[in-house]
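Trainee: One structure, pasted below without further comment.
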Amino acid sequence: MQVAFALMASRVVLAVGLVAVAATVVALLSQSAPRLAGTNNVSPRAPVAFLFPGDVVCQESTVPRDARSVVLRVPPNPERERRVRVVVRAGGDRTAGDYRDPAPTGELSVALPGRVPAGAGEVCVENRGDGSLALMGSDIDIGAAAQRGISTRGKLSIAYRRGGSESWWSVASVIAERFELGKPGFVGAWTLWAALALTTAGVALAALATARATEEDEQ
Amino acid sequence: MPVAAWICAGVALLSGLTWSLITPAFHVPDEISHFAYAQYLAETANPPRHVRGDYMSEEQLRALVGLRFFTTIGNDRHRPVWTTAGERRLRDALFGDHGRVSDGASSTAVNNPPLFYALQAVPYHAASSGTILDRLFAMRLVSVLLAALAVLCVFLFLREAFPGTPWAWTVGALAVALHPLFGFISSGVNNDAGLFFASALLFLTLARCLRHGLTPGRGVALGAVLGLGVVTKLTFVAFVPAAVLALGVMAWRARGSDARRALVVAGVALAVAAVPFGTYVALNELAWDREVFGSGVGAHAAPAREDPGEASTGGLVSYAWQLYLPRLPFQDDVHAGVPLRDLWLNGLIGRFGWLDYGFRPWVYDLGFGVALVLAALALAGAVRLRAMLIARAGELAVYALAALGLMALVARAGYSAFISLEFPFEQARYLLPLLPLYASVLVLAARGAGRRLERSVAAAIVVLAIAHMVGAQLLTLSRYYG
């Protein structure tokens, strides 16, 4: 009787536990949030560009094809309104977006309307406010920003976001495309799904082994 | 060999394969140094030396730049190659005619003996017609295979430690197979993968000797494992005192008529252990012009402090104490935070990449709660099984000395870094050679729940391990691709 209870209880724990894990995974992957489209991997360590009203700074940047907004970093200040115009040029096309809000967390996310040009291009930032604007980046001269009128060194921290809020399910195919980059030759977009299949197989095997093991009589 | 043992090893293999695919190239800690070592050895048949110069080949350096490696590590907001333009630049670097031979100079891996890297030369050459990324992946597969073998050894160790409780062998081995830090580290070109296998094999060998007696065959096996472990990673010397104690325990047990035979076998074991290490020392002296210990076991190629401190025995003891235990009122506070939780527990729950990403804080808080529950249950399990544990006190002393030896060596290396370097040395993975004992504690925890509930707790442990692994792999996918 005691053994039967122990076996039943362990099976219930295993089954309920696995369902809970699966449900948690589904719930987590269903959470929506703005998703990253790309970044120039420059940390916002310090101000590297100081723009007075009307000043413009431009920097080379590879624009991802799924970019719908540009994210710049400024010193956080919940009080001051920032007014900025960002122009993105690539492949002979351009688009421009405006920002007019405080930046309490130090992040300026500028929506880019219409069709966003993709590929090797340039991002230009114009200070359209009444006060000065400091843009954060890294004070390393690996690719100096070109600025009309005021010289700087260092590189601006630039990131791009996809449009709106998306769940992980929505961006799964995009992740699969990114997954195959920087990998050995045999890897393709299919490899992400293969990796997930390997994990699923491992989980199934572990569950079966546990179910078998907890049914065994002690010696 | 029970089928369950192969299943547990299979789970480790599947987990490791997944980690090796989802972790971008060189993003396992120190993988750039370990790959550089293996490449130099494969290309020149010589290990690198403690000399100035480039430790990476031009091929590797160009690949790292193309992969955006240097701007991705250290910042979890940064990403590897995500664009076709970036991929084109990477391919230009991969398919360019760049040298594969570096200066063979100092790196974080240079102190390591060459056994693991010699093993890695096999897949390196097998994939030599491919790009550096193809070769790296082939080499990663060897590490994954070693991880699977380590889990096999853990299963068999648990069979010795808990005879008569078959479910315990599977549950403990699965907890190791599914452990994300173990899977992550073992998925890369890092000689920790060799160390984990060697240490699991040592624990198994010790268990077999202590449980079934020291025969000449087992003595030779023990010596061989000890010797090969040391020439896999010098950290393994931490286990030598435990092995010597084990031989002493077995000689004591054989006192009387078999004492002389036991001592002879023990001597043979130590002699066998000395052969690989002696060969390594001789090769360093006579063939490679290389130091054995260089800047010490666990040397760290971090920037030196401008104002190095002064080492002292009291300082070392205080440092080591505080590394694992709560600070005593009279001790100077030498560690940031509480290492037992912040470094070891949180690190074992998961800090991944080059320690540049991890879970949300609530996961570590939850893990702390789970750890407390499991610790309490393990204590209860030890009480329940006290008769068995007391009867096997000699064996337990060996395992305890093995753990203490490793912890002391890590503390010693950490103190040296504390005195002279800018960055801390310790990482949670440095205690992963104790995974067989980790698995044993989990089994004790299940046993601590009592007859009616022990199998349920065992099942819960596996479910938690599954959740942990899945969570860590999804976290990794979001960090690099999301």
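Trainee: Which of the helices (runs of 4 or more DSSP H) found entirely inside region B:1-96 contain at least 2 residues meeting this: hydroxyl-bearing (Ser, Thr, Tyr) and within 30 Å of B:Pro113 (Cβ to Cβ)?
Mentor: On the way: elements: B:3-22, B:31-44, B:58-66, B:69-72, B:84-95.
Hits in region B:1-96: B:3-22, B:31-44.
Trainee: Name every residue in region B:113-137 that is more than 20 Å from the chain's Cα centre (by Cα) and either acidic (Asp, Glu) or more than 8 Å from every other protein chain (Cβ to nearest Cβ) (or both), in order of residue number.
Mentor: B:Ala121, B:Val122, B:Pro123, B:Tyr124, B:His125, B:Ala126, B:Ala127, B:Ser128, B:Ser129, B:Ile132, B:Asp134, B:Arg135 - these are the residues of region B:113-137 that are more than 20 Å from the chain's Cα centre (by Cα) and either acidic (Asp, Glu) or more than 8 Å from every other protein chain (Cβ to nearest Cβ) (or both).
Trainee: Turning to a different aspect of this structure: Of the numbered conditions (1) within 13 Å of chain A (Cβ to nearest Cβ); (2) closer than 15 Å to B:Ala198 by Cβ; (3) not small (Gly, Ala, Ser), B:Leu146 fails exactly one; give the number of that condition.
Mentor: (1)
Trainee: Yes or no: A:Gly114 within 14 Å of chain B (Cβ to nearest Cβ) and either assigned to a strand (DSSP E or B) or touching a strand residue (DSSP E or B) at 6+ places or on another chain (Cβ under 6 Å) (or both)?
Mentor: no
Trainee: Does any residue in region A:182-210 that is surrounded by fewer than 16 Cβ atoms within 10 Å (Cβ to Cβ) come within less than 8 Å, Cβ to Cβ, of a residue that is assigned to a helix (DSSP H, G or I) and of a type in the set (Gly, Ala, Ser) six or more places away or on a different chain, and which pairs are these?
Mentor: Qualifying pairs under 8 Å: A:Ala189/A:Ser173; A:Ala189/A:Ala176; A:Trp190/A:Ala176; A:Trp193/A:Ala176.
Trainee: Quickly run through region A:52-84 and pick out the residues that are in a loop (DSSP other than H, G, I, E, B) and of a type outside the set (Asp, Glu).
Mentor: Taking region A:52-84 and keeping what is in a loop (DSSP other than H, G, I, E, B), we get A:52-55, A:64-68, A:74-76.
Once the filter is applied, which keeps residues that are in a loop (DSSP other than H, G, I, E, B) and of a type outside the set (Asp, Glu), region A:52-84 yields A:Phe52, A:Pro53, A:Gly54, A:Pro64, A:Arg65, A:Ala67, A:Arg68, A:Val74, A:Pro75, A:Pro76.
Trainee: Show the residue pairs meeting these rules: Cβ distance below 6 Å; 6+ apart or different chains; first residue within region B:466-482 and under 24 Å from A:Arg162 (Cβ atoms) and more than 8 Å from every other protein chain (Cβ to nearest Cβ); second residue of a type outside the set (Val, Ile, Thr) and surrounded by fewer than 23 Cβ atoms within 10 Å (Cβ to Cβ).
Mentor: Final answer for the pair search is B:Arg479/B:Asp76; B:Arg479/B:Tyr357.
Trainee: Is one or more of the residues making up region A:33-51 modelled with pLDDT under 95, closer than 15 Å to A:Gly129 by Cβ and either touching a Leu at 6+ places or on another chain (Cβ under 6 Å) or charged (D, E, K, R) (or both)?
Mentor: Scanning region A:33-51, I find at least one residue that is modelled with pLDDT under 95, closer than 15 Å to A:Gly129 by Cβ and either touching a Leu at 6+ places or on another chain (Cβ under 6 Å) or charged (D, E, K, R) (or both), so the answer is yes.
Trainee: So if I check each of A:Asp130, A:Asp101, A:Asp141, which one is of a type outside the set (Ser, Thr, Tyr), assigned to a strand (DSSP E or B), at pLDDT below 95 and surrounded by fewer than 19 Cβ atoms within 10 Å (Cβ to Cβ)?
Mentor: Exactly one residue qualifies, and that residue is A:Asp101.
Trainee: Given the condition polar (S, T, N, Q), within 14 Å of chain A (Cβ to nearest Cβ) and closer than 22 Å to A:Ala6 by Cβ, answer yes or no: does some residue in region B:435-451 qualify?
Mentor: Within region B:435-451, not a single residue is polar (S, T, N, Q), within 14 Å of chain A (Cβ to nearest Cβ) and closer than 22 Å to A:Ala6 by Cβ.
Trainee: Right, B:Leu431: hydrophobic (A, V, I, L, M, F, W, C), closer than 27 Å to B:Tyr357 by Cβ and out of contact with any Leu (no Cβ under 6 Å at 6 or more places or on another chain) or not? Before the answer, list the steps.
Mentor: Details: hydrophobic (A, V, I, L, M, F, W, C): yes; closer than 27 Å to B:Tyr357 by Cβ: yes; out of contact with any Leu (no Cβ under 6 Å at 6 or more places or on another chain): yes.
Considered against the rule, which asks whether it is hydrophobic (A, V, I, L, M, F, W, C), closer than 27 Å to B:Tyr357 by Cβ and out of contact with any Leu (no Cβ under 6 Å at 6 or more places or on another chain), B:Leu431 comes out as yes.
Trainee: Still on this structure: Provide a single number: the residues in region B:439-482 that are surrounded by fewer than 22 Cβ atoms within 10 Å (Cβ to Cβ) and not in a helix (DSSP H, G or I).
Mentor: Result for region B:439-482: 6.
Trainee: Among the residues of region A:167-181, which ones are facing chain B (nearest Cβ under 8 Å) and either without any contact (Cβ under 8 Å) to a residue 60 or more places away in the chain or closer than 25 Å to B:Val65 by Cβ (or both)?
Mentor: A:Ile175, A:Arg178, A:Phe179, A:Leu181
Trainee: Further question: Looking at (1) closer than 20 Å to B:Leu90 by Cβ; (2) crowded, with 17+ Cβ neighbours inside 10 Å; (3) modelled with pLDDT under 95, which is the one condition that is false for A:Ile175?
Mentor: (3)
Trainee: Kindly indicate whether any position in region B:109-120 is in contact with a Leu (Cβ under 6 Å, 6 or more places away or on another chain), among the aromatic types (Phe, Trp, Tyr) and assigned to a helix (DSSP H, G or I).
Mentor: yes
Trainee: Being of a type outside the set (Ser, Thr, Tyr) and either in contact (Cβ under 8 Å) with a residue 40 or more places away in the chain or facing chain B (nearest Cβ under 10 Å) (or both) is true for just one of A:Ala103, A:Ala96, A:Ala15. Which residue is that?
Mentor: Answer to the check: A:Ala15.
Trainee: Being at positive phi and surrounded by fewer than 18 Cβ atoms within 10 Å (Cβ to Cβ) is the filter; apply it to region B:41-89 and report the residue that is nearest to the other protein chains (Cβ to nearest Cβ).
Mentor: Checked region B:41-89; the qualifying residue nearest to the other protein chains (Cβ to nearest Cβ) is B:Gly74.
Trainee: Among the residues in region B:442-455, are any within 21 Å of B:Leu340 (Cβ to Cβ), under 22 Å from the mean Cα position of the chain (by Cα) and modelled with pLDDT of 95 or more?
Mentor: Yes, some residue in region B:442-455 is within 21 Å of B:Leu340 (Cβ to Cβ), under 22 Å from the mean Cα position of the chain (by Cα) and modelled with pLDDT of 95 or more.
Trainee: Kindly indicate the residue of region A:73-92 that is within 14 Å of chain B (Cβ to nearest Cβ) and either out of contact with any Gly (no Cβ under 9 Å at 6 or more places or on another chain) or small (Gly, Ala, Ser) (or both) and also surrounded by the fewest Cβ atoms within 10 Å (Cβ to Cβ) among those meeting that condition.
Mentor: Top of the filtered list is A:Gly91.
Trainee: Continuing with this model, one more query. Taking the conditions exactly as written (of a type in the set (Val, Ile, Thr), assigned to a loop (DSSP other than H, G, I, E, B) and either facing chain A (nearest Cβ under 8 Å) or under 30 Å from B:Gly278 (Cα atoms) (or both)), does B:Val101 satisfy them or not? I'd like the intermediate steps shown before the answer.
Mentor: Values: of a type in the set (Val, Ile, Thr): yes; assigned to a loop (DSSP other than H, G, I, E, B): yes; either facing chain A (nearest Cβ under 8 Å) or under 30 Å from B:Gly278 (Cα atoms) (or both): yes.
Yes.
Trainee: Could I ask something else about it? Report, ordered by the first and then the second residue, all pairs with beta carbons closer than 8 Å, sequence separation of six or more or different chains, a first member in region B:445-465 that is at positive phi, and a second member that is in a helix (DSSP H, G or I) and surrounded by fewer than 23 Cβ atoms within 10 Å (Cβ to Cβ).
Mentor: So the pair list comes out as B:Gly450/B:Arg384.
Trainee: What about B:Val154, is it surrounded by fewer than 24 Cβ atoms within 10 Å (Cβ to Cβ), in contact (Cβ under 8 Å) with a residue 40 or more places away in the chain and in contact with a Phe, Trp or Tyr (Cβ under 9 Å, 6 or more places away or on another chain)? Talk me through it step by step, then tell me what you get.
Mentor: Details: surrounded by fewer than 24 Cβ atoms within 10 Å (Cβ to Cβ): no; in contact (Cβ under 8 Å) with a residue 40 or more places away in the chain: yes; in contact with a Phe, Trp or Tyr (Cβ under 9 Å, 6 or more places away or on another chain): yes.
The answer is no for B:Val154.
Trainee: Let me spell it out: the conditions are (1) of a type in the set (Ser, Thr, Tyr); (2) within 25 Å of B:Thr83 (Cβ to Cβ); (3) out of contact with any Gly (no Cβ under 9 Å at 6 or more places or on another chain), and A:Thr95 meets all of them except one. Which number is the exception?
Mentor: (3)
Trainee: State which residue is farthest from A:Ala207 (Cα to Cα) when the search covers only region A:30-44 and only residues that are surrounded by 15 or more Cβ atoms within 10 Å (Cβ to Cβ) and not polar (S, T, N, Q).
Mentor: A:Pro44
Trainee: In addition: Give the residues of region B:1-60 that are acidic (Asp, Glu) and in contact with a helix residue (DSSP H, G or I) (Cβ under 6 Å, 6 or more places away or on another chain), sorted by residue number. Working first, answer last.
Mentor: If we filter region B:1-60 for residues that are acidic (Asp, Glu), which is where we start, we get B:30-31, B:43, B:54, B:58-59.
B:Glu59 - this is the single residue of region B:1-60 that is acidic (Asp, Glu) and in contact with a helix residue (DSSP H, G or I) (Cβ under 6 Å, 6 or more places away or on another chain).
Trainee: Just for region A:155-189: of the residues that are in a loop (DSSP other than H, G, I, E, B) and charged (D, E, K, R), which one is farthest from A:Val116 (Cα to Cα)? Can you show your working first?
Mentor: Residues of region A:155-189 in a loop (DSSP other than H, G, I, E, B): A:157, A:162-165, A:167-171, A:180-189.
Subset that is charged (D, E, K, R): A:162, A:180, A:183.
On the way: A:Arg162: 11, A:Glu180: 24, A:Lys183: 28 Å.
It comes out as A:Lys183.
Trainee: For region B:173-187, name all the residues that are out of contact with any Cys (no Cβ under 7 Å at 6 or more places or on another chain) and either away from chain A (no Cβ under 14 Å) or in a helix (DSSP H, G or I) (or both).
Mentor: The answer is B:Ala175, B:Val176, B:Pro180, B:Leu181, B:Phe182, B:Gly183, B:Phe184, B:Ile185, B:Ser186.
The values are calculated or read from the model by the stated rules, or taken from the named source; none is laboratory data. None of the values given here were measured: they were computed from a predicted structure. Every residue, glycine among them, receives a Cβ derived from its backbone with ideal geometry; neighbour counts consider all protein chains shown.
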